[in-house]
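Take a look at the structure below.
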Amino acid sequence: MNVGWEELGWERLGDGVGRRRLPVWDATVGLVVGEEAVLLYDTGSTLREGAELRAQIEGLTGGRRVTHIALSHPHFDHVLGTAAFAGAEVFGAVGVDALLRREGGELMTDAVRQGVDAFAAAEAVDVLVAPQHVVSGEWTLDLGGRQVLLANVGPGHTAHDLALLVPGPREVVFCGDLVEESGEPQAGPDALPGRWPAALDRLLALGGDEATYVPGHGAVVDAAFVRHQREELARRFAVA
């Protein structure tokens with residue numbers, strides 16, 4: 001039985017397109033439902049959160065399972081729920097597969113530092129899923145009756161930033177943490193701040209002026225917001 005999007009805390013952005021703002025870190029996950037496949041953009045911060053998302057998606061889609069996952073970037077609050085979606089094909093920006101295999105310990109340490117229970121973090125890292133498919137430029141996925149575009153628009157927030165474009169009457173662009181609305185964009189030790197403004201230029205070229213832009217954290221924004229954030233980042237990091 002299908003359940004309403006809003007009833008489960010999801011924000012509907014178009015026909016078969018929505019997102020949910022997860023608790024604690026306000027990280028966004030995105031959902032695109034096709035006739036033959038279901039794509040999830042990011043998976044939450046723990047296996048428990050991933051399992052809750054899986055159950056909600058099955059409720060929204062009449063029992064269908066997630067078949068494809070796109071990881072926006074390799075931070076704990078966006079990737080540690082991936083193993084809850086058995087059998088899904090996982091996509092990420094080129095290089096993120098090797099990074100996740102190599103730096104699971106650092107991912108766990110960061111998760112615990114940010115407040116994730118140590119056992120939950122270790123459990124998720126033990127079964128951490130690295131992408132089977134890496135995107136170096138653009139990759140079109142056919143979900144049945146609709147196509148979506150994965151675009152490696154980074155580096156910026158990290159060295160491995162993957163955006164998702166969903167065509168429609170008003171295009172929807174899932175931005176990952178290249179765009180943040182609920183606070184100042186976070187430039188951690190793995191950020192490439194000097195290249196971040198150019199990543200936002202590529203993001204804007206991808207979606208255009210009329211698209212809906214979905215940040216990694218915070219409310220949905222428009223192109224003007226993204227453009228303003230691009231200029232603020234350029235000033236902040238003294239980028240021409």
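The values are calculated or read from the model by the stated rules, or taken from the named source; none is laboratory data. None of the values given here were measured: they were computed from a predicted structure. Every residue, glycine as well, gets a Cβ built from its backbone with ideal geometry; the counts of neighbours run over all protein chains shown. The accessibility values were calculated without ligands, DNA or RNA, using every heavy atom of the protein model including side chains. Shrake-Rupley method; radii C 1.70, N 1.55, O 1.52, S 1.80 Å.
Summary table
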{"quantity": "Number of the condition not met by E181 [criteria: (1) crowded, with 17+ Cβ neighbours inside 10 Å; (2) under 23 Å from I69 (Cα atoms); (3) not hydroxyl-bearing (S, T, Y)]", "calculated": "(2)"}
{"quantity": "Given (1) part of a helix (DSSP H, G or I); (2) touching an Asp or Glu at 6+ places or on another chain (Cβ under 9 Å); (3) open to solvent by less than 20 Å² (accessible area, probe 1.4 Å), index of the condition P155 fails", "calculated": "(1)"}
{"quantity": "Selection within the stretch 1-20 - among the charged types (D, E, K, R) and in contact (Cβ under 8 Å) with a residue 40 or more places away in the chain", "calculated": "E11, D15, R19"}
{"quantity": "Check on P74, in a loop (DSSP other than H, G, I, E, B), touching a residue at least 60 places away in the same chain (Cβ under 8 Å) and of a type outside the set (S, T, Y)", "calculated": "yes"}
{"quantity": "Condition met for A163 (open to solvent by less than 10 Å² (accessible area, probe 1.4 Å), part of a helix (DSSP H, G or I) and either under 23 Å from D26 (Cβ atoms) or among the basic types (K, R) (or both))", "calculated": "no"}
{"quantity": "Selection status of V214, assigned to a strand (DSSP E or B), open to solvent by less than 60 Å² (accessible area, probe 1.4 Å) and either among the β-branched types (V, I, T) or in contact (Cβ under 8 Å) with a residue 40 or more places away in the chain (or both)", "calculated": "yes"}
{"quantity": "Checking V112 against (1) in a helix (DSSP H, G or I); (2) farther than 22 Å from A191 by Cβ; (3) open to solvent by 50 Å² or more (accessible area, probe 1.4 Å), the condition it does not meet", "calculated": "(2)"}
{"quantity": "Top-ranked residue of the stretch 217-233 - restricted to ones that are part of a helix (DSSP H, G or I) and open to solvent by less than 10 Å² (accessible area, probe 1.4 Å), ranked as nearest to P23 (Cα to Cα)", "calculated": "V226"}
{"quantity": "Some residue of the stretch 166-177 being outside any strand (DSSP E or B) and under 16 Å from the mean Cα position of the chain (by Cα)", "calculated": "no"}
{"quantity": "Residue within the stretch 129-151 that is out of contact with any Gly (no Cβ under 6 Å at 6 or more places or on another chain), part of a helix (DSSP H, G or I) and either touching a residue at least 40 places away in the same chain (Cβ under 8 Å) or small (G, A, S) (or both) present", "calculated": "no"}
{"quantity": "Tally, over the stretch 184-211, of residues that are within 22 Å of G168 (Cβ to Cβ), within 19 Å of the chain's Cα centre (by Cα), open to solvent by 80 Å² or more (accessible area, probe 1.4 Å) and in contact (Cβ under 8 Å) with a residue 12 or more places away in the chain", "calculated": "1"}
{"quantity": "Per-region count, the stretch 88-123, residues among the β-branched types (V, I, T), under 16 Å from D42 (Cβ atoms) and touching a residue at least 60 places away in the same chain (Cβ under 8 Å)", "calculated": "2"}
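One line per residue, one yes/no per condition, for (1) within 26 Å of L39 (Cα to Cα); (2) charged (D, E, K, R); (3) in a helix (DSSP H, G or I); (4) at pLDDT 95 or above:
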| residue | (1), (2), (3), (4) |
| --- | --- |
| A86 | yes, no, no, yes |
| V90 | yes, no, no, yes |
| D97 | yes, yes, yes, yes |
| M108 | yes, no, yes, yes |
| A120 | yes, no, yes, yes |
